[in-house]
Every structure is written in structure tokens, then in C-alpha cells.
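In what follows, a structure is listed as C-alpha cells, so that the remarks can point back to it.
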Amino acid sequence: MVRNIISERGSELPVSTMGKLISIAAEDKSVISLGPGEPDFDSPKNVIRAAKRSLDRGYTHYSPPAGRLKLREAIAKKLSKENGVKATPNNVIVTSGSTEGILLALMNTIDPGEGVIITDPGFLAYKPAIELLNGVPISIPLKEEEGFQLSVDRMQDMVIPEKTNAMILNTPMNPTGTVLSKKTLEEVADFAVENEILVISDEAYEKLVYSDAKHISIGSLNGMEDHVITLQTFSKTYAMPGFRVGYACGPDNIIKSMSKLHIFSSISAPTVSQMAALEALKGPQGAVGRMVKEYDRRRKMVIRRLKSIPNFFCMEPKGAFYAFPNISEFGMSSLDFAKFLLEKAKVATVPGTEFGSHGEGYIRISYATEYGKIEEALDRIDRVVSKI
Ligand SMILES: Cc1ncc(COP(=O)(O)O)c(C=O)c1O
């Protein structure tokens, strides 16, 4: 028999229930999936053309680890103009999606045993990323009755001074659809400065905000430029998840050090994707507006429909493309409820516990799926839950 050489790090990574549910949904054509975490739209045509053109022109080589200069210039301009985040090409690094940006940022800020604050519920990749680096995730519960906004008081109680180096902040938030308010962000900023904590601000859904909500980059707040790494991505805004391209902007020394590490993770983000990303930023922006408008149309329908289903309670999500209804009245765990919907209604959703133990009592519904399919899925859910 072959000796088991899989590291504890690898073998202890959690097996995602979401992955399993999505595979079942993909195999059974009668299932409608409200599981996806990626846009259902194709990438804009001008972006695809730019990618093809750059391949024909021989952009098939490595790029500099920090990213191509022209792209970093365009990103710095975008961050300064649209987000109020002071940026120059020297404090920007282009990464293979923000997933790699998160990992590089964490690699640079924590040593084994050091803490990183995250939210519960929160994006499911944060905790394993911290644990892979032998860091300690410090989960701050979010409460529905507080609009899933982050409570700094609660955070204060859980932080071990000098052992907590960083926090990952996510707005608009996956899975709750919360857009953090200016008040919350100002409190977090004061807390971070007082406790010398670096804020890793994951703004993957920055453009997907609706109604009266406004996205604010915490890096734009007074005095925060030395305390924040801002992470954004082309995956959601431009429907380009398969291109694997995102970027981070932060203090020069941290970005320099991330670029050094980048050589050992992927050398550089894919060159063809960087050329496509440059077109996405510099070319026409009409596609973004159209996608946001369509997400908003679906969002309104989802909220209206969920409100009409007995025992479903859903706070109005104002960002990203998720609703996070409370299903605790049904007396089943989140996992059992998601399984029930999959078996009886043939609708795939994600149990709230995938996003942390405080996601118990909720399911995540994604509206990154065609309007008609979402309607049909909600009809089916309505029918089966009325029989419980
Ligand atoms: C909050 C959040 N951050 C980051 C990512 C990953 O994005 P990327 O494709 O840029 O790696 C996702 C993807 O679902 C996400 O939901």
C-alpha cells in the first residue's frame, strides 16, 4: 500500500456541501440551480475581441509579476476616480482573480498563530485560506436584526491585541447581499487604526448595488491609505470569471512584497486576461449598466416572491446577486431544508451554514440565473413548502 502523504493542511480542508449540490444540479437537467456565485452573462463582446486579437498578436508570454504597466495605470486611474482610493501603478498588483489576491495579502500579513477577523456568515473561501496559512480565523457573528451590518463592539470583545494582524471586510457582501453603511465603515476604520489592524477589503461586487445603496471603499476614508488593501476583480463587474483576473491596491511595501510572493504562486496573472481586462476598463461600459439593471429587475422579483411565500422572511438585499432568506420557521436545519428543496422542488440553493455556523436558519438564493428560471424555481418552492 502507498504511504499516505497528503498533508494535514490538505486533508483537513472542509468538503464543500455547495460543491456537491451544484454537481447534482449540473447532472440532473430537471433541477433549476439558484446556487451559482458567478454571472450568467457572457463577457462583453469587445472584451472577447480584445482577447482574441491579443492572442493573434502573440501576447502568450509571461507578464511582470505585478502586472502589465498599461493595465496597472488604468486600474490606478479607475480606483482614484471611481472609488476615491489613492493609487499609482506602483501600489497596484494584478492577480489571478481576487482569490489569489486574498491569499497573497494574507501570506504577507500573518505568521502562524496570528489572528484574522472575518464575518460569520461570510464568503466561504476566507476561513480555509487563513487556516491554510496556519492563521487563526476570528469569526464575528452578523445578526439579521442589525441588518447584517458589522458590530464593532462585538469585534472589540473578540480581538487579542498584538495577535490580530488583519481583518477581511466584504462589501457588498456574499452571502447576505448587505452593503456596509458609511457609519459601519467609519467605525471599522477607527477600530483598525486604533488596533493597528490591516483591512483586506474585498470589493468583488462593488458595481452590483441597487436602490438607494452606495458602495464605499474603506480605503477612501480619511487616513486609511496605509491601513487598507483594496481588492477588486473583473469576474463579477464584467462577467469575466474564467479570465481569472483581479487586482489589489495598498501600501507600497505590502504590494511590493505581494509581487515578490507572486513569483511563487503563479508568476503573473494570465497575459491574455490582462489584455482583455485593459479593454474592459478602457472600452465602452454599456454592458455593465445593462447587467446591473437586469440583476436589479430579478432582485425585485425575488424579494416580492419570497415575501409572498408563507414562513419565508427575507431582508432586502441591496448588493451582489444574492438573497439570504430566513427559513428557521420550517423547523429544519439549513442543510436539511436545502436538501428538501433539491429533492422535492428540484431547486438547488446553498445552505446558510456553508458560510459559517451563524448561517444556520438561512439559505442563499442566487439571482445570477435567467429571470424566467428564477420565477419557475420560486413557483416550485412555493408549492412544496405549502405542504410542510
Ligand atoms: C466575496 C467574494 N470575493 C471573491 C470572490 C472570488 O472572485 P475572483 O473570481 O476574482 O477570484 C468571490 C466569488 O464568488 C466572492 O463572492
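Within 16 Å of the ligand (Cβ to nearest atom), out of contact with any helix residue (DSSP H, G or I) (no Cβ under 8 Å at 6 or more places or on another chain) and acidic (Asp, Glu) - does that describe any residue in region 18-41? Full working, then the answer.
Pass one, region 18-41, residues within 16 Å of the ligand (Cβ to nearest atom): 18-19, 21-22, 33-41.
With out of contact with any helix residue (DSSP H, G or I) (no Cβ under 8 Å at 6 or more places or on another chain) added as a condition, the list becomes 19, 22, 37, 40.
The next check asks that each one be acidic (Asp, Glu); those that pass are 40.
Taking every residue of region 18-41 in turn, at least one turns out to be within 16 Å of the ligand (Cβ to nearest atom), out of contact with any helix residue (DSSP H, G or I) (no Cβ under 8 Å at 6 or more places or on another chain) and acidic (Asp, Glu).
Could you check region 322-356 and list, in sequence order, the residues that are out of contact with any Leu (no Cβ under 6 Å at 6 or more places or on another chain) and either at positive phi or within 16 Å of the ligand (Cβ to nearest atom) (or both)?
Tyr322, Ala323, Phe324, Gly331, Lys346, Val350, Gly352, Gly356
Of all residues in region 226-237, how many are open to solvent by 10 Å² or more (accessible area, probe 1.4 Å) and more than 11 Å from the ligand (Cβ to nearest atom)?
Matching residues across region 226-237 total 2.
So which residues in region 320-335 are open to solvent by less than 30 Å² (accessible area, probe 1.4 Å) and either in a helix (DSSP H, G or I) or farther than 29 Å from Ala239 by Cβ (or both), if there are any at all? Give the derivation first.
First, the residues of region 320-335 that are open to solvent by less than 30 Å² (accessible area, probe 1.4 Å): 320-327, 330, 334.
Asn326, Ile327, Phe330, Ser334 - these are the residues of region 320-335 that are open to solvent by less than 30 Å² (accessible area, probe 1.4 Å) and either in a helix (DSSP H, G or I) or farther than 29 Å from Ala239 by Cβ (or both).
Just to verify a result, which residue in region 193-223, among those that are of a type in the set (S, T, N, Q) and open to solvent by 10 Å² or more (accessible area, probe 1.4 Å), is farthest from Met291 (Cα to Cα)?
Taking region 193-223 first, the residues of a type in the set (S, T, N, Q) are 195, 201, 211, 217, 220, 222.
Within this subset, residues satisfying the condition of being open to solvent by 10 Å² or more (accessible area, probe 1.4 Å) are 195, 211, 220, 222.
On the way: Asn195: 39, Ser211: 15, Ser220: 26, Asn222: 32 Å.
Checking each candidate, the answer is Asn195.
Condition check: within 15 Å of the ligand (Cβ to nearest atom), loosely packed, with under 15 Cβ neighbours inside 10 Å and within 30 Å of Thr176 (Cα to Cα). Does Gly242 satisfy that? Steps first, answer last, please.
Values: within 15 Å of the ligand (Cβ to nearest atom): yes; loosely packed, with under 15 Cβ neighbours inside 10 Å: yes; within 30 Å of Thr176 (Cα to Cα): yes.
The answer is yes for Gly242.
Would you check which residues across region 87-144 are at positive phi and within 15 Å of the ligand (Cβ to nearest atom) and list them? Break it down into steps so the answer makes sense when it comes.
First, the residues of region 87-144 that are at positive phi: 97, 113, 134.
The one that is at positive phi and within 15 Å of the ligand (Cβ to nearest atom): Gly97.
Would you mention how many residues in region 78-87 are surrounded by 15 or more Cβ atoms within 10 Å (Cβ to Cβ) and without any contact (Cβ under 8 Å) to a residue 60 or more places away in the chain?
Going residue by residue through region 78-87, those that are surrounded by 15 or more Cβ atoms within 10 Å (Cβ to Cβ) are 78-80, 83, 85, 87.
From what's left, without any contact (Cβ under 8 Å) to a residue 60 or more places away in the chain: 80.
Of the residues in region 78-87, 1 are surrounded by 15 or more Cβ atoms within 10 Å (Cβ to Cβ) and without any contact (Cβ under 8 Å) to a residue 60 or more places away in the chain.
Restricted to region 1-21, and to residues that are surrounded by 10 or more Cβ atoms within 10 Å (Cβ to Cβ) and assigned to a helix (DSSP H, G or I), which residue is modelled with the lowest pLDDT?
The extreme case among them is Met18.
Please state which one of Pro317, Pro310 is part of a loop (DSSP other than H, G, I, E, B) and open to solvent by 30 Å² or more (accessible area, probe 1.4 Å).
On the way: Pro317 fails: open to solvent by 30 Å² or more (accessible area, probe 1.4 Å).
Exactly one of Pro317, Pro310 is part of a loop (DSSP other than H, G, I, E, B) and open to solvent by 30 Å² or more (accessible area, probe 1.4 Å), namely Pro310.
Are any residues in region 22-43 closer than 26 Å to Leu278 by Cα and either small (Gly, Ala, Ser) or assigned to a helix (DSSP H, G or I) (or both), and if so, which ones?
Of everything in region 22-43, those that are closer than 26 Å to Leu278 by Cα and either small (Gly, Ala, Ser) or assigned to a helix (DSSP H, G or I) (or both) turn out to be Gly37, Ser43.
Is it the case that region 145-160 has a residue that's at pLDDT 95 or above, at positive phi and open to solvent by less than 10 Å² (accessible area, probe 1.4 Å)?
Yes.
Is it the case that region 147-161 has a residue that's of a type in the set (A, V, I, L, M, F, W, C), within 23 Å of Val179 (Cα to Cα) and within 16 Å of the ligand (Cβ to nearest atom)?
Yes, there is a match, as at least one residue in region 147-161 is of a type in the set (A, V, I, L, M, F, W, C), within 23 Å of Val179 (Cα to Cα) and within 16 Å of the ligand (Cβ to nearest atom).
The values are calculated or read from the model by the stated rules, or taken from the named source; none is laboratory data. As the structure is a prediction and not an experimental result, all values here were calculated from the model. Note that we place each Cβ from the backbone using ideal geometry, even for glycine, and neighbour counts take in every protein chain shown. Please note that ligands, DNA and RNA were not included when accessible areas were found on the heavy atoms of the full protein model with its side chains. Shrake-Rupley method; radii C 1.70, N 1.55, O 1.52, S 1.80 Å.
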